[in-house]
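> Please read through the structure below; I'll follow up with questions.
The values are calculated or read from the model by the stated rules, or taken from the named source; none is laboratory data. Quick caveat, the model's predicted, so the values are computed rather than measured. FYI the Cβ positions are ideal-geometry reconstructions off the backbone, even for glycines, and counts take in every protein chain you see. Only protein heavy atoms, including side chains, enter the accessible area calculation; ligands, DNA and RNA are left aside. Shrake-Rupley method; radii C 1.70, N 1.55, O 1.52, S 1.80 Å.
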Amino acid sequence: MIKFATRTINQFMQQQKDLFAHYKQPSIKEDSYVTGLKLANSLKGSELVPFIPINGRQVNFYYCGPTVYSNSHLGHARTYLGIDVIRRTLRDYFNYDLLSVMNITDIDDKIINGAKQAKQEFLEFTKVWEKDFFSAMEALNIELPDVITRVSDYVPEIVTFIEKIIANGYAYDSNGSVYFDVQKYLADGHTYPKMRPEMNADLLQEGEGESQANKQSEKRSPNDFALWKASKPEEPKWPSPWGEGRPGWHIECSVMASAILGNPIDLHAGGIDLIFPHHDNSLAQAEACFNCDQWINYFIHLGHLNIADRKMSKSLKNFLTIDEVLKRYTARQIRLNFAIHQYDAVMNYSEEQVEQAISKDKAYQEFFQNTKIYLRESQVTGPQKWTQNDFLISNSLRSTKQVIHAALLKNFDFPTVIDAIDKLINQVNVQIANKTVRAPLIQSVVQYVHFILGLIGLNYQTQNNSSSDIKFIMAEVCSIRDQVKLAARKGEFEAISNIVTQKQFQYEKNLSNGIVDCINQFQQQVLAASQEKNKQQLFQLCDKLRDEQLFELGIKIEDKDKEQASIWKQYDPKELKLEREQQQKLIQQKEQIKKKEEEKKKQEELEKLEKAKIHPKDMFLSQLDKYSEFDEKGIPVKDKEGNELSKKQKKVVQELWEKQNKIHNQYLESLKKQQQQQQQQQ
Ligand SMILES: [Zn+2]
């Protein structure tokens, strides 16, 4: 029974392996850059495959961009946040030399319908949604690719590409449209569909949502898909050898990816929903054009996103736009929420799960705050001898690095990375609370945690997530304040009235976090003070704006030299307040220490003065427990038993007497001077 089951499983595994027998693993050459990284390659049934780029450290990377016809949603966030983390990791952790390309699909059935409904010209329509997409990406702190390609800019290249496929015998013109000839392609020994080899031929569909019935007559086989579509009236169209028309959806990625990155390409990524037909068709087209058998070496896919266990869709009313989500959570919290899920696994989005990300975010913030304060207060000049606790943290840092390295090598396993970081942080927190570990070691931990969280795009050290509105407003505010100060210094009060009335700020209050209110108030107060020609008040208002009003909002203005413009920096207001409190505490502590030292010094001087007042003749007379007889100067000659003092003893008391004589004379001298001064003053 067991034997039978094992054999069945083996047969099944063998069958699975054979399905991906077409895949050729790039071989290691002399100049190969081998890191040990393994990727779940869809070209090998998601098996983990060693990642070997074609040219040394260089990695050519293409990923499918959005079709711009509607708001950017949480599905986009998952795909592009995932790709962003992968890009940062390849570049910053593994040190690959990355060239990345993303396309914008601005020719598509959905776009044509959307533009019609909006009564807009289609390129005008797509520009709106393209802008929406990029501002959502910026709000989520997603880095731009090196190259962005738009389909509408690449139509001539698409036509040339299709001509080549036709010339190679793998496509045909029919009724003004061009189709890919799947039968011919397979007959010549190519593989299709490469990433869904288990698919039954009956299930292969074009998948562009168009009515298939009237197209079937144009095709040689139902599996053939369109490379070029003859335009219907009122549709956007471009000239071609087959008549006016527009590109099919899949052809764009084959053309634009190879236009920039050539053939073959190291890495291609996209959402899992694109794997078939889009990605399989893209592969077939490029391999048909270049007559090669492997255009892409590694194909990775970002997993599905469900909302509260259901597929996200407008009809289910669980469709979440990035804008909506950003109103509820910070970009950091959203990024963390995605990073705690493996990029290529199915992910379920729910409020409870975001809570987990929020508490992690808070823990990281606290960690950086606490270590910052710890480092500020710890003195490296203090004892540095390592204790058991130092060894504990040092070993923990090293083992964390090992765990994280292994996790990153294994198809970017960030859930494990985050777990390891959490454990390390917890250990360090305990040591910091007990002040039991040396500062340089904590510095190393902070740097490492900052670097690793940076791969997820989380930044806790320089919080400068200001919107472009704030950037614009603050540049103006600094300039106005500088001008007011300069004019006030020169006493040019009329000029001040002009400066503050010229510019009126009318921005949406929520965009500028209350800055506008505070600026408008400043302008009114400055205007009043300039009319009263009150120079001092003008300076006070400028200081108040810097030290109180803007500071409360997390904005720090730094004044430079008289001639130089002031600069501004934005922080988390809470962080800024905490920092000020800490600084004030430090100043208070310093003042207390100074006060104590001064008191001590005063006391010492007082004691010195009291001692100086004693006449040398009297200094030994009270010491009858030591001496019994004194000479005419008051210097002891016999001890308490009545014995003559030894030579050595005599020398000691003689010296003590002379010392006292000296300070007493100095005292008398200073007394005399004081009296003289008093007399002169009178
Ligand atoms: Zn694509």
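> Residue separation times 0.36 nm, minus the C-alpha to C-alpha distance between Lys317 and Val346: what's the value? Walk me through the numbers before you get to the answer.
On the way: separation 29, 0.36 × 29 = 10.44 nm, distance 2.02 nm.
Contour length minus Cα-Cα distance gives 8.4 nm.
> Subtract the Cα-Cα distance of Val147 and Cys292 from 0.36 nm times their separation in residues, and report this length gain in nm to one decimal.
Details: separation 145, 0.36 × 145 = 52.20 nm, distance 2.50 nm.
Gain in length upon complete extension: 49.7 nm.
> Calculate, for Ala495 and Lys577, the FRET efficiency according to 1/(1 + (r/R0)^6) with r their C-beta to C-beta distance and R0 45 Å; round to the nearest 0.05. Please report the intermediate quantities before stating the final value.
Values: r = 35 Å, r/R0 = 0.78.
Computed FRET efficiency for Ala495 and Lys577 comes out at 0.80.
> Across all directions of projection, what mean area in square nanometres is found for the Cα convex hull of segment 468-571?
Over every viewing direction, the Cα hull of segment 468-571 projects on average to 5.9 nm².
> Any chance you could run the full-extension gain for Glu124 through Leu668? It's 0.36 nm times the residue separation minus the Cα-Cα distance, nm to one decimal. List each step's numbers first, then the result.
Numbers: separation 544, 0.36 × 544 = 195.84 nm, distance 9.80 nm.
Residue separation times 0.36 nm, minus the Cα-Cα distance, leaves 186.0 nm.
> At 7 Å along the Cα-to-beta-carbon direction for both Gln25 and Lys659, put a label point, then send me their distance in nm to one decimal.
The modelled label-to-label distance comes out at 8.6 nm.
> May I ask you to list the residues of segment 645-682 whose amide nitrogen lies under 14 Å from a point 7 Å from Cα along the Cα→beta-carbon direction of Lys613?
664, 667-668, 671
> Moving to a separate point now. Suppose each label sits 7 Å from its Cα in the direction of the beta carbon; what would the Glu599-Thr416 distance come out to in nanometres?
Simple spin-label model gives 6.0 nm for this pair.
> At a 1.4 Å probe, what is the % contribution of carbon and sulfur to the accessible area of segment 468-571?
Values: 2580 of 5760 Å².
C and S atoms contribute 45 percent here.
> On to the next question. Give me log10 I(q)/I(0) at q = 0.06, 0.10 Å⁻¹ for the chain, Debye formula, one equal scatterer per alpha-carbon, no solvent.
So the normalised log intensities are -0.56, -1.10.
> While we're looking at this one, here's another question. Using +1 at the C-beta of Lys and Arg and -1 at the C-beta of Asp and Glu, which of Ile166, Gln120, Ala187 has the Cα lying farthest in the positive direction of the dipole of segment 54-337?
Result: Gln120.
> So if I place +1 on the C-beta of Lys and Arg and -1 on the C-beta of Asp and Glu, and nothing else carries charge, what would the dipole magnitude of segment 468-571 be about its Cα centre? I want it in debye, nearest 20.
On the way: 15 positive and 16 negative charges, 38 e Å.
Charge dipole, segment 468-571, about its Cα centre: 180 debye, nearest 20.
> Need one number: nm distance between label points at Gln502 and Gln117, each 7 Å from Cα along Cα→Cβ, rounded to one decimal.
4.8 nm
> Over segment 54-337, how many percent of alpha carbon pairs lie in each 10 Å bin up to the one with the longest distance?
6, 27, 35, 24, 7, 0
> Further question on the same structure: Just the number, please: carbon plus sulfur as a percent of the accessible area of segment 77-135, 1.4 Å probe, no ligands or DNA/RNA counted.
Values: 1160 of 2290 Å².
Carbon plus sulfur share of accessible area: 50 percent.
> For every other residue with a beta carbon closer than 10 angstrom to the beta carbon of Asn71, add +1 if it is Lys or Arg and -1 if Asp or Glu, then tell me the sum.
Values: positive: none; negative: Asp132, Asp323, Glu324.
Overall, the nearby charge balance is -3.
> Report the charge-dipole magnitude of the chain in Debye, nearest 20, computed about the Cα centre from +1 at each Lys and Arg Cβ and -1 at each Asp and Glu Cβ.
Details: 90 positive and 92 negative charges, 608 e Å.
The dipole of the chain has a size of about 2920 debye.
> Can you give the FRET efficiency to the nearest 0.05 for Gln384 and Ile587, using r as the Cβ-Cβ distance and R₀ = 35 Å? Mind showing how you got there, number by number?
Values: r = 27 Å, r/R0 = 0.77.
E(calc), rounded to 0.05, equals 0.85.
> Just list whichever of Lys119/Lys164; Lys127/Lys232; Lys194/Lys410; Lys556/Lys600 have alpha carbons separated by over 28 Å in the model shown.
Values: Lys119/Lys164 37 Å; Lys127/Lys232 23 Å; Lys194/Lys410 23 Å; Lys556/Lys600 39 Å.
Long pairs (Cα-Cα over 28 Å): Lys119/Lys164; Lys556/Lys600.
> While we're looking at this one, here's another question. Suppose all protein chains stay in the model; what accessible area per residue would a 1.4 Å probe give for the chain, in Å²? Before the final figure, lay out each step's value.
Details: 36700 Å² over 682 residues.
Each residue of the chain exposes 54 Å² on average to a 1.4 Å probe.
> Here's another thing I want to ask about it. Taking +1 at the Cβ of each Lys and Arg and -1 at the Cβ of each Asp and Glu, which of Gln649, Pro636, Leu624 sits farthest along the dipole of segment 614-681 towards its positive end, judged by Cα position relative to the Cα centre?
Gln649
> Let me ask something else. Please give the Cα centre distance for segment 151-173 versus segment 307-339, rounded to the nearest Å.
When both Cα centres are located, 39 Å separates them.
> Still on this structure: With point charges of +1 on the Cβ of Lys and Arg and -1 on the Cβ of Asp and Glu, referenced to the Cα centre of the chain, which listed residue (His450, Thr436, Leu408) lies farthest in the positive direction of the dipole?
Comparing the listed Cα positions along the dipole, Thr436 ranks first.
> I need the GluC sites (Glu not before Pro) found in segment 82-170, filtered to DSSP loop residues with at most 11 other beta carbons within 10 Å of theirs.
Filter output for segment 82-170: Glu121.
> Could you pull out the trypsin sites (Lys or Arg not before Pro) across segment 50-158 that fall in loop regions by DSSP (anything but H, G, I, E, B) with no more than 11 other Cβ atoms inside 10 Å?
On the way: sites: Arg57, Arg78, Arg87, Arg88, Arg91, Lys110, Lys116, Lys119, Lys127, Lys131, Arg150; in loops: Arg57, Lys119.
The qualifying sites are Lys119.
> Tally up the carbon and sulfur contribution to the accessible surface of segment 614-681 as a whole percent, 1.4 Å probe, everything protein left in place. Let's see the in-between values first.
Details: 2570 of 5360 Å².
Ligands and nucleic acids excluded, carbon and sulfur reach 48 percent.
> Reachable lysines from Lys485, Cα under 16 Å, same-chain residues fewer than 8 places away excluded?
Partners found: Lys533, Lys535, Lys544, Lys560, Lys562.
> Can I ask one more? If I take R0 = 35 Å and measure r between the Cβ atoms of Leu392 and Lys544 in this structure, what FRET efficiency does the formula 1/(1 + (r/R0)^6) give, to the nearest 0.05?
0.10
> I need the GluC sites (Glu not before Pro) found in segment 215-297, filtered to DSSP loop residues with at most 11 other beta carbons within 10 Å of theirs. All intermediate terms of the calculation are to be shown ahead of the outcome.
Values: sites: Glu218, Glu234, Glu244, Glu252, Glu287; in loops: Glu218, Glu234, Glu244.
Passing sites in segment 215-297 are Glu234.
> So which lysines pass the test for Lys360, namely a Cα distance under 17 Å, with those fewer than 8 places away in the same chain ruled out?
Qualifying lysines at Cα under 17 Å: Lys423.
> Based on DSSP H runs of at least 4 residues, each adding -39500 (n - 2.57), what is the mean residue ellipticity at 222 nm of the chain after dividing by all its residues, to the nearest 500 deg cm²/dmol?
Working: 21 runs with 344 residues, N = 682.
Calculated from helices alone, the mean residue ellipticity at 222 nm is -17000 deg cm²/dmol.
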